[in-house]
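Enquirer: Submitted below is the structure of interest, expressed as structure tokens.
The values are calculated or read from the model by the stated rules, or taken from the named source; none is laboratory data. The shown structure was predicted, so the numbers you read here are calculated from the model rather than taken from an experiment. FYI the Cβ positions are ideal-geometry reconstructions off the backbone, even for glycines, and counts take in every protein chain you see.
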């Protein structure tokens, strides 16, 4: 690989990493927003004396997201990610 090609590929790598950094910041903001709403839902459920964990609702969420997933994210990875997000939100509601 020549010097010029390495320089171009290094620049391309830096640009892609900047894109990833921006996406990560957006994801962080959205995750915090989601958690804030989940905490409000937890308060409402406590007032109504409802259980925090609703497996049917979580299953609905996963099915809906999977049906809207254009890829390349695989279904099993989508489920892993969102199950973890839901676990974090649920645990925060219990505290």
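Enquirer: Could you list, in sequence order, the residues of the range 38-59 that are in a helix (DSSP H, G or I) and closer than 11 Å to residue 93 by Cβ?
Expert: Answer for the range 38-59, where residues must be in a helix (DSSP H, G or I) and closer than 11 Å to residue 93 by Cβ: 38, 39, 40, 41, 42, 43, 44, 45, 46.
Enquirer: Among the numbered criteria (1) more than 11 Å from the chain's Cα centre (by Cα); (2) loosely packed, with under 11 Cβ neighbours inside 10 Å, which single criterion is violated by residue 42?
Expert: With respect to (1) more than 11 Å from the chain's Cα centre (by Cα); (2) loosely packed, with under 11 Cβ neighbours inside 10 Å, residue 42 is out only on (2).
Enquirer: Given the options 34, 6, name the one that is at pLDDT below 95 and either part of a helix (DSSP H, G or I) or within 21 Å of residue 88 (Cα to Cα) (or both).
Expert: 6
Enquirer: Looking at the range 37-60 only, could you name the residues that are under 19 Å from residue 27 (Cβ atoms) and in contact with a helix residue (DSSP H, G or I) (Cβ under 7 Å, 6 or more places away or on another chain)?
Expert: Taking the range 37-60 as the starting set, the residues that turn out to be under 19 Å from residue 27 (Cβ atoms) are 37-39.
38, 39 - these are the residues of the range 37-60 that are under 19 Å from residue 27 (Cβ atoms) and in contact with a helix residue (DSSP H, G or I) (Cβ under 7 Å, 6 or more places away or on another chain).
Enquirer: Additional query: For residues that are in contact (Cβ under 8 Å) with a residue 24 or more places away in the chain and surrounded by 14 or more Cβ atoms within 10 Å (Cβ to Cβ), scanning just the range 68-87, find the one that is nearest to residue 43 (Cα to Cα).
Expert: Here is the first cut: in the range 68-87, the ones in contact (Cβ under 8 Å) with a residue 24 or more places away in the chain are 83, 85-86.
Among the residues that remain, those that are also surrounded by 14 or more Cβ atoms within 10 Å (Cβ to Cβ) are: 85-86.
Numbers: 85: 18, 86: 16 Å.
My answer is 86.
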